[in-house]
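Chemist: Following this message is one structure expressed as structure tokens.
FYI, it's all coordinate maths here, none of it is from the lab. Since this is a predicted model, take the numbers as computed values, not measurements. Don't worry about glycine lacking a Cβ; one is built from the backbone with ideal geometry, like all the others, and counts go over all protein chains shown.
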Amino acid sequence: MNSEKLAEGIYWVGAIDWDIREFHGLSTLKGGTYNSYLIVDEKIVLIDAVKTTKIDVLLSNISGIVDPADIDYVISNHAEPDHSGGLARVMEIAKNARLVATPNGVRRLSEMYRLDWDILEAKDGDELAIGKRTLKFIHAPLLHWPETMFTYEGSSRILFSCDAFGAHIATSERFTDEVGVEKTLAFAKKYYAFLVAPFRKNVIKALDKTKELKIDVIAPSHGPVWRSDLDMITGAYQKWANRDFEDKATIIYGTMWGNTHKMAAAVAEGLADGGMKVRVYNVQLTLPSEIVDEIFDSRLVLIGSSTFVGGIYPPVEAFIPFMRVIRDKSKKVASFGSYGWSGGSIKKLDKLLEEEGYDVMEPGLALQFEPTADGLKECFEFGRRAAAWTIGSA
Ligand code: FEO
């Protein structure tokens, strides 16, 4: 039994998942949490219902405060199974509870669970009196599914924001000031890059809507709760949504014999000499979402590939779809790589990147076998040119 008081009558009652290491493509190397919240007023309200595998934890946490059978309203801010998996059990136990969701949420939940629940549709701006408190529902579509909404509790000024402002990190501490603001922000960025980045226009709209509210606490559905430094997370969201990024370049490469690796190192030196911050990742050694986290806030992405059977080295080709995750075609790109007795990878890589809609700097740099001293100079100059091209386009 585990809960945490956020304010008088308002509790975190969610579940910690210490073991999760992969969340539909996002690497969760430090685990995660599925946050649910309980509000005890004249009516008893549960906000979101954890993943199916954690329903017993949720019910146990609620039982430490009230009898789950006494819940009057179950609010579904988001229909994705990590927040709705436990709904069927909760609704079975809380026989008189009404489920609250956006009209789109009602549709999704009906499609997903095919159960005959008593459902209250929450339109944008609707309010629900639950005693001394009134809850307000704020539609926030695509954060991160089409049906998502925020729930706002005005007397304690808490915004229950579901996926928005969340972070996948498992900790016994419930608040960002305990976990560490910078640490939480790093995980929030990784989460944003992989799940929220494609919907940046919706982020801007949601931020505008919440400006009308007085908010002292942001309680997301993953990771620690923000009860201080709120401008750190809202400011970060604004910056990320505006694509307000530093002059940073990420090099991604795959290498068969280490020659493309040597090219990557020399290109990195040229980029740094040209004034860019640089990150370098071998796709064969790194989980894709760890790289997505870096390319998300890079202005330039350089992709290196050995030639394999006259084409792109498969581990590099397999990474290209992950670049689609962030849907940011404003990034500059260029390619490079080593080949042996036949070339081919770079032409195909450039063509693929152009077909994806990226602005490719120039035909990629291809060198045969191990780069010579002159070849490494070419790589360095290639990096310098890419830096000047990117910084000059700001
Ligand atoms: Fe936490 Fe979009 O689910």
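Chemist: Using a cut-off of 12 Å between alpha-carbon atoms, which aspartates and glutamates can reach LYS329, once sequence neighbours fewer than 8 places away in the same chain are excluded?
Modeler: Result set, ordered by chain and number: GLU354, GLU355, GLU356, ASP359.
Chemist: For ASP19, put the label point 7 Å out on the Cα→Cβ axis and report which residues of the stretch 49-93 keep their amide N under 17 Å from it.
Modeler: Zone members listed by number: 51-58.
Chemist: Need the list of lysines near LYS214 for cross-linking: C-alpha distance under 16 angstrom, and skip anything on the same chain fewer than eight residues off.
Modeler: By straight Cα distance, LYS214 reaches LYS136.
Chemist: Now for a separate question. Report for the chain the percent antiparallel among DSSP-assigned beta bridges with both residues inside it, nearest 5.
Modeler: Working: 29 of 66 bridges.
That works out to approximately 45 percent antiparallel.
Chemist: Can you report the principal axis dimensions of the stretch 160-208 using only the alpha carbons, biggest first, rounded to whole angstrom?
Modeler: Cα spread of the stretch 160-208 along its principal axes, largest to smallest: 33, 20, 16 Å.
Chemist: Semi-axes, largest first, in whole Å: what does sqrt of 5 times each Cα gyration tensor eigenvalue give for the stretch 213-323?
Modeler: 35, 17, 10
Chemist: Which log10 I(q)/I(0) values, to two decimals, does the chain give at q = 0.06, 0.08, 0.10, 0.13 Å⁻¹ under the Debye formula with one point per Cα?
Modeler: Log10 I(q)/I(0), no solvent term: -0.29, -0.49, -0.69, -0.98.
Chemist: Considering the chain as a Gaussian network with a 10 Å cut-off on Cα pairs, which listed residue, TYR191, TYR152, TYR339, attains the greatest mean-square fluctuation?
Modeler: Sorting by GNM fluctuation, first place goes to TYR339.
Chemist: Above 16 angstrom, tally the Cα pairs of the stretch 8-106 and express them as a % of all pairs, no decimals. Before the final figure, lay out the partial values.
Modeler: Details: 2578 of 4851 pairs.
Cα-Cα pairs in the stretch 8-106 separated by more than 16 Å: 53 percent.
Chemist: On alpha-carbon atoms, Rg over Rh for the stretch 76-200 using Kirkwood Rh? Each step should come with its number before you reach the end.
Modeler: Details: Rg = 15.6 Å, Rh = 15.9 Å.
Rg/Rh for the stretch 76-200 comes to 0.99.
Chemist: Using alpha-carbon positions, what is the distance between the centroids of the stretch 151-205 and the stretch 67-106, in Å?
Modeler: Taking the Cα centre of each part, the stretch 151-205 and the stretch 67-106 sit 22 Å apart.
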